[in-house]
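S.K.: Sharing a structure here in structure tokens format.
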Amino acid sequence: MSEAIDFGQGNSVCFLVSCVGAKSAAPSKAKDLYVSDWFRKARRYIECSGSPWFILSAEYGLVDPESVISPYEKTLNRMGVAERRTWARDVIRDMDQRLPICDLIVVLAGARYREFLMDYLSHRAKHVRVPMEGLRIGEQLSWLNSHTK
């Protein structure tokens, strides 16, 4: 289901966006490390909202976009269930400490990155949205284009 997100006044929003495979070759701020068209469009969409955001990294867990990190090849898509559960447990621990209190959490991440986080997130915020759930990559790119101010 693709849906528009209401950024109405009084709604505090936080975004979670997954890492991607295409990365620059040198250590960079996390927001600049990921160089795919999808990530750049997702970043632009998020930054237009003015809301805080974090990256869900298969290697580093919950990452502040301003943190400098090194390129890596790890992906949740090649991890087994037990390893993904461990990753999610570590991310949840980090979210407990670093994720701001908010009314809405918007998740721009595939199923493997969300699977063990959604229950936690639903208790963390009044609303959790996955606006591009079920869309293919081309449809996601189109959605991001059409929803960016």
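S.K.: Sort out which residues of the range 111-139 are of a type outside the set (F, W, Y), in contact with a Phe, Trp or Tyr (Cβ under 9 Å, 6 or more places away or on another chain) and surrounded by fewer than 20 Cβ atoms within 10 Å (Cβ to Cβ), and write them in order of number. Explain how you work it out, then say what you get.
M.R.: Residues of the range 111-139 that are of a type outside the set (F, W, Y), as a first pass: 111-112, 114-115, 117-119, 121-139.
Still in the list and also in contact with a Phe, Trp or Tyr (Cβ under 9 Å, 6 or more places away or on another chain): 131-132, 135, 137.
Once the filter is applied, which keeps residues that are of a type outside the set (F, W, Y), in contact with a Phe, Trp or Tyr (Cβ under 9 Å, 6 or more places away or on another chain) and surrounded by fewer than 20 Cβ atoms within 10 Å (Cβ to Cβ), the range 111-139 yields P131, L135, I137.
Listed here are the residues, each with its yes/no results for (1) over 23 Å from C102 (Cβ atoms); (2) at pLDDT 95 or above.
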site: K31; (1), (2): no, yes
site: D37; (1), (2): yes, yes
site: R40; (1), (2): yes, yes
site: L56; (1), (2): no, yes
site: D64; (1), (2): no, yes
site: S67; (1), (2): no, yes
site: T75; (1), (2): yes, no
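S.K.: Does S142 satisfy the criteria of being among the hydroxyl-bearing types (S, T, Y), loosely packed, with under 12 Cβ neighbours inside 10 Å and under 18 Å from R43 (Cα atoms)?
M.R.: Taking the combined requirement at face value, the residue does not satisfy it.
S.K.: Something else: Kindly provide the set of residues from the range 17-60 that are in a strand (DSSP E or B) and farther than 17 Å from V130 by Cβ, ordered by number.
M.R.: Hits for the range 17-60 are K23, S28, K29, Y34, S57.
S.K.: Taking the criterion of being part of a loop (DSSP other than H, G, I, E, B), within 14 Å of S18 (Cβ to Cβ), without any contact (Cβ under 8 Å) to a residue 24 or more places away in the chain and not aromatic (F, W, Y), would at least one residue in the range 64-75 satisfy it?
M.R.: yes
The values are calculated or read from the model by the stated rules, or taken from the named source; none is laboratory data. Computed from a predicted model, the values in this text were never measured in an experiment. Please note: Cβ atoms are built from the backbone with ideal geometry, for glycine as well, and neighbour counts cover all protein chains shown.
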